[in-house]
Amino acid sequence: MARYKDEQCRICRREGQKLFLKGSRCYSDKCSVARRNYGPGDHGQKRSKLSEYGTQLREKQKTKSFYGVGEKQFRKYFEMASNKKGITGENLLQLLESRLDNVVYRLGFGSSRAQARQLVNHAQFDVNGQKVDIPSYLVKPGDIITVREIKKDNKTIKENIELNAARPVPGWLERDFENLTGKVVRLAEREEIDLPVEEHLIVELYSK
């Protein structure tokens, strides 16, 4: 899948808000949005008013950036959400939250979703005792995520555990840093997803 290879801070500046794509840097004085709160490029400071379509499109692009998902895969998630019972927009966010890379980030083993995706790609985790190296793997209630035995001395994971020890874990997850494990208690509910996303705009965009 094609991925955005340019400077990630440009994405935040384009959206005009922090998307927390670079972990601890986003909370520091080095954050580009804090230093240059305008769009990238020669015309970045000349923000034009968006049309209804433009607003919907930006919301979709922002959500894709949050989770590091490409267009083809994002549309697949939307189709899955549409076929499930319940509210389509909430189903969509629930599916995105259920990605293994997001769960690894939420548990605190990764400092950002991008880093968590890389850790999963490098086969650092087991799910229910089996190695899983697919970031888009969708977890289910009852799944146990564990740092693989041969990876427990990973320096990056150790640093993240120390850094994120006080970071709260969503109510749909349980974390045990001592044993380097996490558990999916249930699927995420909308009020537990703390991202500034207006999912109804995405539904309106795809429904045209």
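Taken together, the values in this text are just the output of simple stated rules run on the coordinates, not laboratory data. As the structure is a computational prediction, the values presented were derived from the model and not from experiment. As a convention, Cβ positions derive from the backbone with ideal geometry for all residues, glycine included, and neighbour counts pool all protein chains shown.
Listed here are the residues, each with its yes/no results for (1) in contact (Cβ under 8 Å) with a residue 24 or more places away in the chain; (2) more than 20 Å from GLU189 (Cα to Cα); (3) assigned to a helix (DSSP H, G or I).
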residue: ARG58; (1), (2), (3): yes, yes, yes
residue: LYS76; (1), (2), (3): no, yes, yes
residue: ALA81; (1), (2), (3): no, no, yes
residue: LEU95; (1), (2), (3): yes, no, yes
residue: ASP101; (1), (2), (3): yes, no, yes
residue: VAL104; (1), (2), (3): yes, no, yes
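Filter region 60-74 down to residues that are among the β-branched types (Val, Ile, Thr) and not in a helix (DSSP H, G or I), then give me how many there are.
The total comes to 1.
Can you list the helices (runs of 4 or more DSSP H) found entirely within region 113-208 that contain at least 2 residues being free of Cβ contacts under 8 Å to residues at least 12 places away in the same chain?
155-163
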